[in-house]
Amino acid sequence: MKRVTAAILAMVMGMVSLQGCYGRMVLTKKVYQINGQVNDKFLRSFVTWVFVLIPVYGVAALIDFVLFNTIEFWSGQNPIAAGEKDFMFSENGETFKVHANKSGDVVRYTMNHYRGDTYLDTMTIDWNVKSGTSVAFLKERDGVTKYQAMRIKGGVQVTSSGPGALSRGQQALALYQ
């Protein structure tokens, strides 16, 4: 009888101390994002099964729930989510899923572009907030185009290289004031 009473008492104490402890589950979402970055649907399905059978999702969810969400509940901040933000923009059937991450002086934006459910391209922008320079990579089916923007006297100059590169005339037009 003592074991049953101790178990019930432990459950009640756990329920009271974790009341409202529903956090953002950031670690689990990061594992899900890793799986979602696989573009081939068959390989993504295989990775999902591997993550389920080698309990990657289960371990991430347990660590999230027990450790990080409890920290978030008591402190108001999740240590894994510090400096990160996810948001989405949709218009006319086009959807952009954006992930922003700040590390030191660099802010990285990763934007996945979809038309309906069809993946189109990904753009990654690294912006140095101190120098004001940025480098962007546009990954499309036919290759990767690199864009670079830097401050110059009187504005910003944008240059590019790759399959979708700007021509000399377009580069001149890309000088913003």
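The values are calculated or read from the model by the stated rules, or taken from the named source; none is laboratory data. What you see is a predicted model; the values in this text were computed from it and never measured. Cβ sites come from the backbone with ideal geometry, for glycine too, and all protein chains shown count toward neighbours.
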Subject >> Positions within the stretch 36-51 being surrounded by 12 or more Cβ atoms within 10 Å (Cβ to Cβ), among the β-branched types (Val, Ile, Thr) and in a helix (DSSP H, G or I), in sequence order >> reply: VAL47, THR48
**OP:** Could you grab the pairs with beta carbons closer than 8 Å, sequence gap of 6+ or different chains, first residue in the stretch 127-140 and on the phi > 0 side of the Ramachandran plot, second one surrounded by fewer than 15 Cβ atoms within 10 Å (Cβ to Cβ)?
**Re:** GLY132/MET150; GLY132/ARG151
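Identify all residues within the stretch 27-41 that are of a type in the set (S, T, N, Q) and more than 18 Å from ILE71 (Cβ to Cβ); write none if there are none. Let's see the steps before the verdict.
Applying the first criterion (of a type in the set (S, T, N, Q)) to the stretch 27-41 yields 28, 33, 35, 37, 39.
Selection gives GLN33, ASN35, GLN37, ASN39.
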Original post:
How many residues does the stretch 59-78 contain that are surrounded by fewer than 13 Cβ atoms within 10 Å (Cβ to Cβ) and either in a helix (DSSP H, G or I) or of a type in the set (Asp, Glu) (or both)?
Top reply: 3
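Hey, does the stretch 32-48 have a residue that's within 17 Å of the chain's Cα centre (by Cα) and touching a residue at least 40 places away in the same chain (Cβ under 8 Å)? Spell out how you get there, then give the answer.
Quick first cut of the stretch 32-48, residues within 17 Å of the chain's Cα centre (by Cα) only: 32-39.
Next, from what is left, pick out any that are touching a residue at least 40 places away in the same chain (Cβ under 8 Å): 33, 39.
Within the stretch 32-48, one or more residues are within 17 Å of the chain's Cα centre (by Cα) and touching a residue at least 40 places away in the same chain (Cβ under 8 Å).
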Original post:
Among the listed residues ALA10, ALA6, which satisfies the condition of being exposed (fewer than 11 other Cβ atoms within 10 Å of the Cβ), aliphatic (A, V, I, L, M) and at pLDDT 70 or above?
Top reply: ALA6
Original post:
Any idea how many residues of the stretch 94-110 are modelled with pLDDT of 90 or more and among the acidic types (Asp, Glu)?
Top reply: 1
Original post:
What number goes with the only condition from (1) assigned to a strand (DSSP E or B); (2) exposed (fewer than 13 other Cβ atoms within 10 Å of the Cβ); (3) at pLDDT 80 or above; (4) basic (Lys, Arg) that LYS85 does not pass?
Top reply: (3)
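Here's the yes/no breakdown for (1) loosely packed, with under 11 Cβ neighbours inside 10 Å; (2) assigned to a strand (DSSP E or B); (3) at pLDDT 70 or above; (4) not aliphatic (A, V, I, L, M):
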{"position": "LEU138", "(1), (2), (3), (4)": "no, yes, yes, no"}
{"position": "TYR147", "(1), (2), (3), (4)": "no, yes, yes, yes"}
{"position": "MET150", "(1), (2), (3), (4)": "no, yes, yes, no"}
{"position": "LEU166", "(1), (2), (3), (4)": "no, no, no, no"}
**OP:** Restrict the check to the stretch 114-124 and report whether at least one residue is free of Cβ contacts under 8 Å to residues at least 12 places away in the same chain and either closer than 22 Å to ASN39 by Cα or surrounded by 15 or more Cβ atoms within 10 Å (Cβ to Cβ) (or both).
**Re:** yes
